[in-house]
Amino acid sequence: MKACFERFGTELLIIDEVQHLNARISDKNDVTDSLKRLLDDGVVPIVFLGTDDAEDLFTRNLQLSGRLIAPCDFRALTLSSPSDRSLLAGYVTLLDRAIVEQRILPSLSGLNDPWVLGCLHAVSSGVIGRVSRLVGAALEIALRRDASQLETSDLADAVDRWAIPNAICQTNPFLQERLS
C-alpha cells in the first residue's frame, strides 16, 4: 500500500465508513495497529469519517488515538437552534443553486422555504447527508417527468420510495397540510 501511495503521489487518504473497520476477531488482526503504522511512517495524512459507532476503534488503542488531532464532529442539526436552522437553510439554498448551475434543472426549486425545511429536517432527523440523498432521489423523479424544478410532490414521492423503505423515517411530512 505504501508503494502505491508513493507511486501515485497520494496526498491524502480518506477512509469513509470507518465504523466498519471496528470488527476484530483478535488482537492480532486489529486494524488500528496498521493505521498507527501508516501514521508513524508519515506515508500519507489520513482523514477518518464515520458514525459514532467508530469511536471504539480509536478509544481501544490509545497509541492510535494519541496520534490524532481532536475530532470534528458533525452532529445532527436541531430545529430548535437558530444557528442549526440557518445552516440547514444555507445548505439547501446552495444545493438548489448547484442543481441549476450544473444544468440539472433549469429553475430554482425553493428548497429553503420554511415549510420545506421543516419537512426535510423531519425526514432526515437533521443529518445533512440524508437531505442530500433525499434531494437526489427527488431529482431522479423530477427528471423522469421532464420537470423544470423540484416540486414538493417529487420530495414526497422520494420519501415514499427511498426514505421510508430504507427506514430513514416512518412517515411522510410532505403529505401533511401546509400551514402557511
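List Lys36, Lys2 from most exposed to least, where exposure is judged by having the fewest other Cβ atoms within 10 Å.
Details: Lys36 17, Lys2 12.
With the sparsest Cβ surroundings first, the list reads Lys2, Lys36.
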Calculated from DSSP helices alone, with each H run of at least 4 adding -39500 (n - 2.57) and the total divided by the residues of the chain, [θ]222 nm to the nearest 500 comes to -13500 deg cm²/dmol
Honestly region 2-65 on the Cα gyration tensor test (a ≥ b ≥ c root eigenvalues; a/c under 1.5 rounded, otherwise a/b vs b/c for prolate or oblate) is just prolate
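Provide the gained length on full extension for the span Leu175 to Ser81, in nm with one decimal, where the gain is 0.36 nm per separating residue minus the Cα-Cα distance. Spell out each step's value before the answer.
On the way: separation 94, 0.36 × 94 = 33.84 nm, distance 2.49 nm.
The span from Leu175 to Ser81 would gain 31.4 nm if fully extended.
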Ordered by number, the chymotrypsin sites (Phe, Trp or Tyr not before Pro) in region 45-141 that occupy a DSSP loop and have at most 14 other Cβ atoms within 10 Å are Phe74
Taking a crude spin-label model, label points 7 Å out from Cα along the C-beta direction, the Ser107 to Arg37 distance in nm is 6.0
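Name the shape class, rounded, prolate or oblate, that the alpha-carbon gyration tensor gives for region 82-175, where a ≥ b ≥ c are the square roots of its eigenvalues, rounded holds for a/c under 1.5, and otherwise prolate holds if a/b is larger than b/c and oblate otherwise.
It comes out oblate by the Cα gyration axes.
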Using alpha-carbon positions, the gyration tensor of the chain gives root eigenvalues a ≥ b ≥ c; with a/c under 1.5 called rounded, otherwise prolate if a/b exceeds b/c, else oblate, the class is prolate
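Values quoted throughout were computed directly from the atomic coordinates according to the rules given, and no laboratory measurement underlies them. For clarity, every value in this text was computed on a predicted model and none was experimentally measured. Because the Cβ atoms are built from the backbone with ideal geometry, glycine has one as well, and the counts that use them run over all protein chains shown.
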